[in-house]
Amino acid sequence: MKARSDWEQMANSLSLRTQAFVDGQYVCAASEQTFHSINPATGKVLADIASCTDVDVDRAVKAARVAFEKGVWSRMSASERGRRLIKFADLIEANSEELALLETLDAGKPISDSLSVDIPLSASAIRWYGQAIDKIYDEIAPTNRNAIAMIRREPVGVVSAVVPWNFPLLMAAWKIGPVLAAGNSMILKPAEQSPLTALRIAELAAEADIPPGVFNVLPGFGETAGQALGRHPDVDAVTFTGSTEVGKLFLKYAAESNMKRVSLECGGKSPNIVFSDAPDLQQAATTAAWGIFYNQGEVCNAGSRLLVQREIKEEFVNKVLDVARSIKVGDTLDPSTQMGPIVDERQMSRVLGFIEQGKSEGAKLRMGGVKKGDVGYFVEPTVFDEVDNSMAIAQEEIFGPVLSVIEFGSADEAVKIANDTPYGLAAALWSSDINRVHQVADALRAGVVWVNCFDKGEMSTPFGGVKQSGFGRDKSLHALDKYTDLKTTWIHVDR
Ligand code: NAD
């Protein structure tokens, strides 16, 4: 790993891509307007980025449609599409230091996380679909003897992907892999807080021979570029990752336009339930601390509610506090930093607002609760004890480094508390009792349940939520369901 000074030198010599990428070329927004991309660790402007609006969306959708209808990608053999996606993944990997640095500067991630987590996982997500797509068969349905009924998967057409800022490239890669593997054309809209990696990989896609018009990137604001993608009559599907509030807007946009398919990966308030018979309390405590403080708590499945059984509560919380106190918060270019700033000033104020609300609702602040330093948007790791599940800090997604500790007695009580939020993205439980593990895992309403671990998964396992955490799954072969339609061709045969 490079030293801090090397990263800084590299940052000073970066040339940033700031224009939209449409039909194989970098272009200004039609309005020529731009917006600032800001480094949250310093509060300084990194670049001025093309601010795309409905006119740009229309241009990109047209390019995507033309490419789709020409069949330059949609009718290419699956093995050739796969080969090019693998090349795309290889190019991301080959440029991993630059991409990691862009992610760190733009989103405030510690450089060691960007380099060891975000970029390699993004490359492997795209590679996984490149490797998988020519191994999927269509079906012949069982019918009467006078028919052959073929059931084929077809790409839906033009897909727009609207993604958040917390894992800018990785959330995009979870869409890019299956959308392109299935033969669609796409328009990616990164979050306005973190457009740099998406813009950079556009030229890597071109270098991997993904034809012009197939992969377009439009930076811009949600209310303008995002809404225009949601409402465009010639977009066949929207795949969204972001807040529940905006997820609901995409359903409205689709209903008021062309009934495009919508899939939503939205917020969470995941319970992490620790029973007194957890196999290893120290490991559970370390994992619980990182389950909320990793990525500054800006993780959709963060274990933001820690449910601890009464008899071990005090001992367990003390262990979590010890881990939290050891976390190194600060300079994002220092390879030893473990926690960076909140993504922008607005989100930092929101996090601090929830902390004030927690205090005024009577939760006990055990650690943190304040902004750290005068430069940038850092918030100290924060732990609230004696939280009641009805409090705002237990019900609402804070999306910051704030842990709410809630005590419980029985397994039934734990499940009741765990399920008592509008969300259902993920949940975890720690216990050595195999019967209890199955009973509780069954009763938890969540798209993913972890047992004696937290935040584990591979590309082979689906990820997504129930309730107001959304619907549809990213990762795994199941993600292809969102970007393909089934066509039945019924052929009459005389015999
Ligand atoms: P957000 O909903 O504010 O923004 C997400 C995207 O939607 C951005 O690209 C934004 O520009 C766009 N957008 C915003 N307003 C819009 C509008 N009115 N119309 C159309 N598009 C609009 O979310 P965020 O603050 O960027 O990210 C945090 C949220 O993302 C959290 O709620 C988090 O839980 C969620 N998230 C979920 C997952 C998951 O897989 N379930 C993963 C990561 C993040």
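Throughout, read-outs are computed from the coordinates displayed, never taken from laboratory work. Just so it is clear, the structure is predicted and the values come from calculations on it, not from any experiment. Backbone-built Cβ (ideal geometry, glycine too); neighbour counts: all protein chains shown.
By how many degrees, between 0 and 90 and to the nearest 10, does the Cα long axis of helix 345-360 differ from the longest principal axis of the chain?
That works out to roughly 40 degrees.
Amide H neighbours of VAL379 under 5 Å, counting only residues 5+ apart in sequence or on other chains, H built in-plane at 1.01 Å?
Residues meeting the criterion, in which the H sits 1.01 Å from N, are ILE342, LYS372.
Distance between Cα centroids, the stretch 105-135 to the stretch 65-92: provide it in whole Å.
Measuring centre to centre over Cα atoms gives 19 Å.
Quick one: work out the % antiparallel among DSSP beta bridges in the chain, nearest 5.
45 percent
Taking amide H positions as placed in the peptide plane 1.01 Å from N, state which residues far from ALA278 in sequence (5 or more) or on other chains have amide H under 5 Å from it.
Those qualifying (amide H under 5 Å, at least 5 residues apart or on another chain) are SER432.
Just to check I understand the Karplus step: with θ = phi - 60° and J = 6.51 cos²θ - 1.76 cosθ + 1.60, what whole-Hz values come out for the stretch 442-457, glycine and proline as x?
With coefficients 6.51, -1.76 and 1.60, one gets 5, 7, 6, 8, 7, x, 9, 10, 9, 10, 6, 6, 8, 6, 9, x Hz.
With a cut-off of 18 Å, note down the residues of the stretch 295-334 whose backbone N falls inside the zone around a label point 7 Å from the Cα of ALA443 toward its beta carbon.
306-311
Taking only DSSP H segments of four or more residues, each worth -39500 (n - 2.57), what value at 222 nm results for the chain once the sum is divided by all its residues, to the nearest 500 deg cm²/dmol?
Computed mean residue ellipticity for the chain: -11000 deg cm²/dmol.
From the Cα gyration tensor of the stretch 1-80, with a ≥ b ≥ c the square roots of its eigenvalues, which class applies: rounded if a/c is under 1.5, or else prolate if a/b is larger than b/c, or else oblate?
Here the stretch 1-80 falls in the oblate category.
Once you have the alpha carbon radius of gyration of the stretch 271-457, what is it after dividing by 2.2 N^0.38 Å, with N set to its residue count?
Cα-based Rg divided by the globular estimate yields 0.98.
Sorted by packing (mean other beta-carbon atoms within 10 Å per residue), highest first, where do 232-238, 300-306, 146-152 land?
300-306, 232-238, 146-152
Distance between Cα centroids, the stretch 463-495 to the stretch 143-197: provide it in whole Å.
Rounded to whole Å, the Cα centres lie 12 Å apart.
Over 21 Å between Cα atoms: which of LYS62/LYS475; LYS62/LYS87; LYS189/LYS248; LYS189/LYS260 fall into that group?
LYS62/LYS475; LYS62/LYS87
Looking at the square roots a ≥ b ≥ c of the eigenvalues of the Cα gyration tensor of the stretch 49-161, which shape do they give, rounded for a/c under 1.5, prolate if a/b is larger than b/c, or oblate?
In terms of gyration-tensor shape, oblate.
From the phi angles alone, apply the Karplus equation (6.51, -1.76, 1.60; θ = phi - 60°) to the stretch 287-297 and give each ³J(HN,Hα) in whole Hz, x where the residue is Gly or Pro.
With the stated coefficients, the stretch 287-297 comes to 5, 5, 5, 6, x, 10, 8, 4, 6, 6, x Hz.
In whole Hz and in residue order, list the ³J(HN,Hα) couplings for the stretch 337-343 that follow from phi through the Karplus curve 6.51 cos²θ - 1.76 cosθ + 1.60, θ = phi - 60°; x for Gly and Pro.
5, 10, 9, x, x, 5, 4
Once you've got the Cα coordinates, tell me which of LYS371/LYS467; LYS44/LYS175; LYS2/LYS44 are over 27 Å apart.
Over 27 Å Cα-Cα: LYS371/LYS467; LYS44/LYS175.
So, with +1 on the Cβ of K and R and -1 on the Cβ of D and E, and no other charges, what is the size of the charge dipole of the chain about its Cα centre, to the nearest 20 debye?
With only Lys, Arg, Asp and Glu charged at Cβ, the dipole is about 1140 debye.
For the stretch 387-452 and the stretch 338-358, what is the centre-to-centre distance using only Cα atoms, to the nearest Å?
23 Å
At q = 0.06, 0.10 Å⁻¹, what base-10 log of I(q)/I(0) does the Debye formula yield for the chain when every alpha carbon is treated as an equal point scatterer in vacuo?
Normalising to I(0) and taking log10 leaves -0.28, -0.77.
7 Å from Cα along Cα→Cβ at both GLU345 and SER360: what's the point-to-point distance in nm?
Taking the simple label geometry, GLU345 and SER360 are separated by 2.3 nm.
Quick one: which of 378-384, 193-199, 282-288 comes out on top by average Cβ neighbours within 10 Å, and what's the full order, highest first?
Per-residue Cβ counts within 10 Å, averaged per peptide and sorted highest first, yield 193-199, 378-384, 282-288.
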